[in-house]
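The values are calculated or read from the model by the stated rules, or taken from the named source; none is laboratory data. Source: prediction; values computed, not measured. All Cβ positions, glycine included, derive from the backbone under ideal geometry; neighbour counts span all protein chains shown.
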Amino acid sequence: MTPCHDVATNKQNNMEEKKITEQESLELITQMIQKTKKEAIDVKLLLTLGYPLAIGMGALGVMYPVANFPHLTTWFASFNLAIIFIVGITILIKHAKKERKENCTVSYTDNVVHGVIRAHIMVNILLAFILLFGTIFTQKEEFVCYLIMFEAVLFSLSIVTIHTILKKGNTSHIAPLATTVTLATSFSNIHSEMPLLTIFCTGAFLIMAMGFILPIHFLVREKNNKQ
Amino acid sequence: MTELNPLLHSQLRLAIMSILLNVYEADFVYLKEKTESTAGNLSVQLEKLASAGYITKETDVGTGKKNRTVCRMTDLGHSAMQQYVEALKIYLSGL
């Protein structure tokens, strides 16, 4: 067998490293990979965005047919934008701070998931602006309905993507299943006597609850069980 | 027989590369803690790996009291590690 090369490229350097055998090399690689911190993604933070939005959507659906409240949809759109903007930006700042902490590492998974979260928040901020200005200028109920539903579906899609990246398969079917069933039910009820806004807001609430909040709880539980 | 890359066949440099193989990025303090090396030695070895193009070093300036050096493995580093592990397998299978 060919002897190991002399690794020293700079002989004058006194701090040169210890020579190792091939067997030791393999052990070292294994040991270092095991020592390396695994992903530390904090998906729980997304719940701070999910809960108020889901409650807001549910409240709008329930209040719309019973409360005689002028500009209810505009109020909701403002609330929606405020929540997504404030909480979303806070989540982005927290993630950025975490990555910049000393004695820190970012795994490949962390990096991709943070990218998904960043993109999701940015798209939702844009959507919330469109919802608010669209509501003010068009005053059309259909516009608000479809956009709220679209927003809820986007939330569900983001969690499906995160699930796929993390490869945690046990509960990964919940979000797409809940979203598909709710979408189908909502669209099939369009011609019923119920107001359109109530149908779509209830649908969006259900998508947020079962397609976003519940899967996050399952993800967190799976992560805790693993640890 | 394929020769083991001399730049990687050293304890500390191999430890650094193994860590960076597993993560997207790691900072100097993290590497120092995991490799249990001294700051001076680590710094020298990081410089060698960086000049070989196996890793990149970025320093965040002005974010806190101290500068923070973040290291990432390059594509060249990835292929060097892959070749090194392949060569290692051949060596060990010959034993």
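Structural remarks
- Any hit, segment A:102-110, residues being buried (at least 17 other Cβ atoms within 10 Å of the Cβ) and assigned to a helix (DSSP H, G or I): yes
- Residue match in segment A:88-96 (condition: basic (Lys, Arg) and closer than 25 Å to A:Ile55 by Cα): yes
- Among (1) of a type in the set (Asp, Glu); (2) out of contact with any Ser or Thr (no Cβ under 7 Å at 6 or more places or on another chain); (3) at pLDDT below 85 - the single one A:Glu39 does not satisfy: (2)
- Filter pass, B:Met73 being touching a residue at least 12 places away in the same chain (Cβ under 8 Å), hydrophobic (A, V, I, L, M, F, W, C), out of contact with any Gly (no Cβ under 9 Å at 6 or more places or on another chain) and more than 10 Å from every other protein chain (Cβ to nearest Cβ): yes
- The test for being within 14 Å of the chain's Cα centre (by Cα) and acidic (Asp, Glu) holds for A:Glu151.
- Of residues in segment A:158-198 being more than 25 Å from the chain's Cα centre (by Cα) and of a type in the set (Val, Ile, Thr), the one modelled with the highest pLDDT: A:Thr198
- If the condition is being polar (S, T, N, Q) and either free of Cβ contacts under 8 Å to residues at least 12 places away in the same chain or crowded, with 17+ Cβ neighbours inside 10 Å (or both), then segment A:51-82 contributes A:Asn68, A:Thr73, A:Asn80.
- Close contacts from segment B:8-21, counting a first residue that is more than 7 Å from chain A (Cβ to nearest Cβ) and a second that is of a type in the set (S, T, N, Q), with Cβ to Cβ under 8 Å and a gap of 6+ residues or different chains, come to B:Ile16/B:Thr35; B:Ile16/B:Gln45.
- Search result, residues across segment A:184-209 that are assigned to a helix (DSSP H, G or I) and surrounded by fewer than 20 Cβ atoms within 10 Å (Cβ to Cβ): A:Ala184, A:Thr185, A:Phe187, A:Ser188, A:Leu196, A:Thr198, A:Ala209
- Every residue from segment B:30-51 that is touching a residue at least 24 places away in the same chain (Cβ under 8 Å), at the interface with another protein chain (Cβ under 9 Å from one of its Cβ atoms) and of a type in the set (A, V, I, L, M, F, W, C): B:Leu31
- Test: residue in segment A:67-76 that is within 14 Å of chain B (Cβ to nearest Cβ) and either of a type in the set (Phe, Trp, Tyr) or within 30 Å of B:Phe28 (Cβ to Cβ) (or both): no
- You will find that of A:Gln34, A:Gln12, the residue that is modelled with pLDDT under 85, out of contact with any Leu (no Cβ under 9 Å at 6 or more places or on another chain) and not in a loop (DSSP other than H, G, I, E, B) is A:Gln34 and no other.
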